[in-house]
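Contents: one structure, followed by commentary.
What follows draws every value from the coordinates through simple rules; no lab data is involved. Note that the structure is predicted; figures quoted are calculated from it, not measured. Note: ideal-geometry Cβ built from the backbone for every residue, glycine included; neighbour counts use all protein chains shown.
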Amino acid sequence: MPDADDLPEILIDLAVPHEDIEALVRMRRRVVDDPELRRFLEASVEELVRDMGTLGARVELPELDWPAGPLQRCFPVYVFVAALPHTRAYHRERGVPAEVTRRTLADLGRNMAVHRRRHGRAGVQAPRWLTHHFRGELYQLGRLQFERTRTGQMSAADGPDPDTLCLNLHIPDFHGPLSPAACDRSLALAREFFARHFPEERYSAALCHSWLLDPQLKEYLPADSNIVRFQERFRIGRDDVEEADTEPVQFVFGDPELPVEGLPRRTAVERAVGDHLRAGGHWYIGHGWFPLEGSTSAGRR
């Protein structure tokens, strides 16, 4: 664990919200000085970095059995900070540029910003999600994040064979429009990045599992909208639909528990999400894929 003088700079590099840094530095002493907390920290870090970079390795960070409060909500920050030297060493071994490392691991701060937006206080919203970043499985390349993975069972028509190496696309919060040009740039960066830094792994397709791939969105949004143009990159499955009404509410409005009746109607996406739910409809997780070779927004429209 870095000392109290070095910790603020590390937290800033990880994009931790500035209003949370002083409290995290203060609580550091408690984590380091309490034998029980220190043992728990060491066990958590050991679990996180075990088999670093291995695809499909199941990682379950233990939950801190501690009274609810700032330390309980923020303890994963110390786990990720303590694991940081291992993650950076793995990236260096793979030749990953320092800028890619920084932007990838800054998702810790983005995750904390989501928590604060939703709950009004410091905390880590989804620690399990962040394990992919700190284990060398996921990288931020431009607008999109790319996770090294395998297909599993795809519901999309003529999808890749099960267990095929693929890149799972994720769309991070707080990163501007999902424009076709930004997506094309990310895909170009991904092709070059994984060919260079993971040459032994050939990724033949991109996957996405998201409410953004619900075909019903085309009934509400103009054909030239960023979301519709993003959808049109994919071959989207029609079977085994997964109802997920809270997903668009969470990502569009910031809180999945907001009452449907009061959802704002300021933008086309807000109107689409809220009006559909108010009319008694449901939203679904769409599952889609496209071949990585030669895929562009122009080629999919």
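Remark: residue 69 falls outside the filter, which requires a residue to be touching a residue at least 24 places away in the same chain (Cβ under 8 Å) and at positive phi. If you check 123, 136, 109 for being of a type outside the set (Ser, Thr, Tyr), buried (at least 16 other Cβ atoms within 10 Å of the Cβ), touching a residue at least 40 places away in the same chain (Cβ under 8 Å) and in contact with a Phe, Trp or Tyr (Cβ under 8 Å, 6 or more places away or on another chain), only one passes: 136. When residue 216 is tested against (1) surrounded by 17 or more Cβ atoms within 10 Å (Cβ to Cβ); (2) in contact with a strand residue (DSSP E or B) (Cβ under 9 Å, 6 or more places away or on another chain), just one condition goes unmet, and that condition is (1).
So that you can scan it fast, the table gives a plain yes or no per residue for (1) free of Cβ contacts under 8 Å to residues at least 60 places away in the same chain; (2) more than 29 Å from residue 142 (Cβ to Cβ):
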{"site": "20", "(1), (2)": "no, no"}
{"site": "32", "(1), (2)": "yes, yes"}
{"site": "64", "(1), (2)": "yes, yes"}
{"site": "79", "(1), (2)": "yes, no"}
{"site": "84", "(1), (2)": "no, no"}
{"site": "95", "(1), (2)": "no, no"}
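Of note, residue 235 satisfies the criterion of being touching a residue at least 60 places away in the same chain (Cβ under 8 Å), closer than 29 Å to residue 54 by Cα and in contact with a Phe, Trp or Tyr (Cβ under 7 Å, 6 or more places away or on another chain). All but one of (1) surrounded by fewer than 17 Cβ atoms within 10 Å (Cβ to Cβ); (2) farther than 19 Å from residue 252 by Cα; (3) under 18 Å from the mean Cα position of the chain (by Cα) hold for residue 200, so report the exception by its number. Unmet for residue 200, out of (1) surrounded by fewer than 17 Cβ atoms within 10 Å (Cβ to Cβ); (2) farther than 19 Å from residue 252 by Cα; (3) under 18 Å from the mean Cα position of the chain (by Cα): (3).
Taken together, the residues in region 43-62 that are in a helix (DSSP H, G or I) and in contact (Cβ under 8 Å) with a residue 24 or more places away in the chain amount to 4. With respect to being under 27 Å from residue 152 (Cβ atoms) and touching a Ser or Thr at 6+ places or on another chain (Cβ under 9 Å), residue 256 fits the description.
A single entry from 270, 247 fulfils the requirement of being without any contact (Cβ under 8 Å) to a residue 40 or more places away in the chain, in contact with a strand residue (DSSP E or B) (Cβ under 9 Å, 6 or more places away or on another chain), charged (D, E, K, R) and in a helix (DSSP H, G or I): 247.
Inside region 233-287, can you point out the residues that are surrounded by fewer than 16 Cβ atoms within 10 Å (Cβ to Cβ), closer than 20 Å to residue 175 by Cβ and basic (Lys, Arg)? The answer is 266, and nothing else.
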